[in-house]
1. How long are the semi-axes of the equivalent ellipsoid of region 95-224, taking √(5λ) for every eigenvalue λ of the Cα gyration tensor, in whole Å from largest down?
2. Solvent-accessible area per residue for the chain at a 1.4 Å probe radius, Å²?
3. What is the ratio of the Cα radius of gyration of region 30-93 to 2.2 N^0.38 Å, with N the residue count, to two decimals?
4. Excluding same-chain residues fewer than 8 positions from residue 144, which lysines have a Cα within less than 18 Å of its Cα?
5. With the cut-off at 1.5 for a/c, could you classify region 139-187 from its C-alpha gyration tensor as rounded, prolate or oblate?
6. Between region 158-226 and region 91-120, what is the separation of their alpha carbon centroids in Å?
7. Kindly provide log₁₀ I(q)/I(0) values, in the same order as q = 0.13, 0.20, 0.21 Å⁻¹, from the Debye equation applied to equal alpha-carbon scatterers of region 59-136.
8. Run down the lysines and flag those whose C-alpha is under 25 Å from the C-alpha of residue 46, throwing out any fewer than 8 positions away in its chain.
Amino acid sequence: MTEVDPPIEIYWVSGSPFGWRVLLMAEFKSVPYLSHRIDTASGKQKSAAYLALNPRGKVPALVHGNVIIGESLAMMTYLERLFPEPPMFGATAVEAAHIMQICSEFVCYLEPVINRLSTAISRNKSLSAAALTARHGTLHTEFKRLNELLQKSQWLTGNSLSAADLTVYPHCKFLLRLAARPAAVPLNLGLSDFADLYPDLTTWMQRFEALPGYDKAYPPHWRETG
């Protein structure tokens with residue numbers, strides 16, 4: 001990788017889908033960067049030094065000289081402009097709009113459901129029947145939509161990898177790992193037969209995992225815990 005002056009610094013949490021999508025973007029574009037892994041259990045993300053970078057105390061964050069960015073999609077956009085090859089946000093107006101539509105739909109409809117379920121599973125909390133039904137329905141409705149998209153092409157927006165794939169994949173992988181935990185069993189998420197329900201989505205995930213650079217961005221603590 002070619003050195004960048006000033007260096008690009010990425011602050012991230014192992015296993016967080018938000019930081020993971022930024023790391024994947026950097027790896028797939030061969031972006032040179034300084035990696036700063038944050039252990040949220042230590043409370044470092046609430047330290048004065050980190051809050052100076054991101055006043056919301058959220059991770060990830062990207063620092064490049066005087067440029068400080070605190071939202072993952074904005075970081076991906078920034079890296080795209082600095083390193084335009086290979087293009088991840090489309091080469092034409094139509095492609096760019098299509099990619100952003102998939103990203104926006106995911107952020108609005110599926111991502112909040114996965115985040116809420118993550119909180120419930122991680123903290124071993126129960127959800128009301130009504131809340132669970134609403135989330136369960138949305139979860140499978142959106143997975144079905146994604147599966148149907150992937151019946152038409154190799155990637156979510158066509159036959160080339162895009163920011164849409166990088167945005168969606170980490171959350172899908174994250175949820176499937178969470179769904180395998182004992183605390184997820186009472187929620188009856190219906191994900192034990194995910195590969196049978198969503199074969200095209202499953203094949204897409206396997207295709208994604210075979211990409212060069214994927215292993216380097218893979219959450220390190222997942223390797224330790226299996």
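The values are calculated or read from the model by the stated rules, or taken from the named source; none is laboratory data. These numbers were taken from a predicted model, which means no experiment stands behind them. As a convention, Cβ positions derive from the backbone with ideal geometry for all residues, glycine included, and neighbour counts pool all protein chains shown. Ligands, DNA and RNA are stripped out before the accessible areas are found, and what is left, the full protein with its side chains, is counted by its heavy atoms. Shrake-Rupley method; radii C 1.70, N 1.55, O 1.52, S 1.80 Å.
1. Details: eigenvalues 121, 63, 36 Å².
Its equivalent ellipsoid spans semi-axes of 25, 18, 13 Å.
2. On the way: 11420 Å² over 226 residues.
Accessible area per residue: 51 Å².
3. Details: Rg = 13.8 Å, N = 64, 2.2 N^0.38 = 10.7 Å.
It is 1.29.
4. By straight Cα distance, residue 144 reaches 152, 173.
5. Here region 139-187 falls in the prolate category.
6. A separation of 15 Å, based on Cα centres.
7. -0.61, -0.95, -0.99
8. Answer for residue 46, where 25 Å is the Cα cut-off: 58, 125, listed by chain and number.
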